[in-house]
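Nothing in this text is a laboratory measurement; each read-out follows from the coordinates by a stated rule. None of these values were measured; they are calculated from a predicted model. As a convention, Cβ positions derive from the backbone with ideal geometry for all residues, glycine included, and neighbour counts pool all protein chains shown.
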Amino acid sequence: MSMLKNKLENLIPQWRKDALELVKNKGEANISGVTVSQAYGGMRGVRGFVCDTSSVSAETGLIIRDHPLLEITHLLPEEVFFLLMTGDIPDENESADLKTQFGNHAVIPDYVWDVMRSMPEDSHPMTMFNTGIMVMQQESIFRKKYDEGVSKDEYWKYCLEDGINLLSKLPGLAAGIYRIHFNKGELVDYDPELDWAENFVHMTGIEDSTGNFKKLMQLYFMLHCDHEGGNVSAFAAHTVASALSDPYYSVAAGLNGLAGPLHGLANQECLKFVLEIYNHFNSSPSKDDLKQFCWDRLDSGRVIPGYGHAVLRCPDPRFVAFVDFGKKHIQDDDIFNIVENLYEVVPPVLQEQGKAKNPWPNVDAASGSLLYYYGLTEFKFYTVLFSVSRAMGMIAQMVINRALGVPITRPKSVTTDWLKENT
Ligand code: NMX
Ligand code: MLT
């Protein structure tokens with residue numbers, strides 16, 4: 001048995017006890033009301049379910065278990081997955097064990113590549129990625145065990161098994177799609193000596209003579225891992241998994257939400273915007289020119305990608321971590337320079353416009369400039385990278401929900417007439 005599974009086996013009885021006791025002793029306590037504005041406004045701020053993997057503070061951003069994000073950016077993505085799942089940072093043995101688990105399942109079946117190669121040339125890389133996951137759905141152990149009639153108490157184990165199988169393959173699936181879609185030649189094999197993020201870089205075939213691209217991808221996959229339970233992709237995955245759809249179906253459902261421009265696709269949109277600025281001015285423009293460029297974009301009815309957030313009311317610590325990385329490694333780069341200047345220019349512009357509740361940058365404002373510097377210039381691919389990482393949070397949430405026996409999601413909607421008559 002893997003050390004992660006063993007640890008969960010020990011933790012789950014207490015989690016179940018806590019949940020049962022809360023429902024028994026405080027089951028009728030009110031944790032949220034819902035106003036008409038919230039019913040029409042994307043349920044913003046409505047507390048309606050439980051997620052223990054992470055939480056988002058409006059003032060300080062992501063907290064993974066009890067760790068503020070900026071205090072744990074040294075962790076590898078695999079270690080963050082362990083933390084999301086168990087609440088503990090893994091020790092050396094646990095970390096090595098998880099790395100072995102991931103390595104054991106990293107090879108992607110050939111039938112996936114047959115499908116990827118036969119997709120239309122202009123399929124978006126996110127469509128290819130989600131299709132790749134769906135094609136592997138027939139591998140689901142959860143589905144097989146469910147069909148065999150396994151007890152409800154055991155669901156989490158097969159959810160975890162599927163989760164590890166799937167996560168192991170995601171860097172390779174992403175890298176393979178990169179090579180197929182952008183005509184980079186033959187696929188590159190997984191290297192068992194490398195970790196999850198290093199393997200991704202290795203399998204893209206992108207030159208990394210300094211080793212800094214690998215460091216960036218370790219940070220990248222760590223930072224995007226989870227953002228509590230209510231974001232579009234996590235909530236979509238949560239809802240689909242609550243119907244006992246297996247992790248392949250559920251992760252793909254979540255990632256289809258991540259593919260929207262107001263959510264994960266904003267990272268592609270953001271670098272596109274920064275390159276438009278660069279190409280328009282043929283260099284990094286002055287702050288006055290940048291300000292005018294942002295106003296022109298707002299006046300044309302478009303959003304500034306990478307800025308604003310439904311929960312945060314501060315600069316996103318994930319953005320801060322990326323900017324710190326850029327300052328350390330690529331300070332003199334023009335594209336990164338535009339990103340840094342936008343950080344000074346955009347918030348006052350959005351404040352003056354007066355619409356956005358949060359004028360500060362989110363995770364997507366800086367990540368693309370760093371990828372671009374290290375040679376991953378094809379920005380249509382960027383949301384696939386967000387997806388590789390975010391699948392960790394979705395799977396961790398799913399395993400916990402199955403362990404707690406969380407039932408099918410089914411909130412109640414109301415009609416306009418009902419609102420008119422009852423409010
Ligand atoms: N640029 C221009 N207008 C904005 C922006 C922005 N960056 N952010 C919010 N607004 C507008 C928003 O469109 C809305 O306008 P209207 O009343 O005309 O519909 C108004 O401000 C109020 O919106 P908020 O309540 O502040 O934002 P909301 O919670 O609805 O949406 C986002 C949050 C993130 C969808 C929104 O800020 C946005 O569209 N940002 C740009 C896209 C982006 O960066 N998304 C990535 C989010 C992070 N992620 O990776 O998922
Ligand atoms: C995320 O990482 O999921 C985004 O910041 C969006 C969100 O939290 O709503």
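When the chain is modelled as a GNM with alpha-carbon springs shorter than 10 Å, which of Thr210, Thr131, Thr377 fluctuates the most? For the chain, modelled as a Gaussian network with Cα springs under 10 Å, the answer is Thr210. Within the chain, all pairs of alpha-carbon atoms sorted by distance into 10 Å bins from zero give the percentages 4, 21, 31, 26, 13, 4, 0.
Which log10 I(q)/I(0) values, to two decimals, does the range 1-104 give at q = 0.12, 0.14, 0.16 Å⁻¹ under the Debye formula with one point per Cα? Normalising to I(0) and taking log10 leaves -0.59, -0.76, -0.90. If R0 is 41 Å, the Cβ-Cβ spacing of Asn212 and Trp15 corresponds to a FRET efficiency of close to 0.55. A Gaussian network model of the chain, with springs between Cα atoms under 10 Å, assigns the largest mean-square fluctuation among Ser245, Ser413, Ser168 to Ser413.
Listed by chain and number, the aspartates and glutamates whose C-alpha is less than 18 Å from the C-alpha of Lys152, apart from same-chain residues fewer than 8 away, are Glu9, Glu161, Asp162, Asp246. Here the gap between Asp147 and Val36, fully extended at 0.36 nm per residue and compared with their Cα-Cα distance, gives a gain of 35.7 nm. Among the listed pairs Lys5/Lys26; Lys5/Lys157; Lys99/Lys214, those with a Cα-Cα distance over 19 Å are Lys5/Lys26.
The calculated FRET efficiency for the pair Arg313 and Ala96, based on their C-beta separation and a Förster distance of 45 Å, comes to about 0.65. If you plug the beta carbon distance of Glu121 and Trp295 into 1/(1 + (r/R0)^6) with R0 = 35 Å, you get a FRET efficiency near 0.40.
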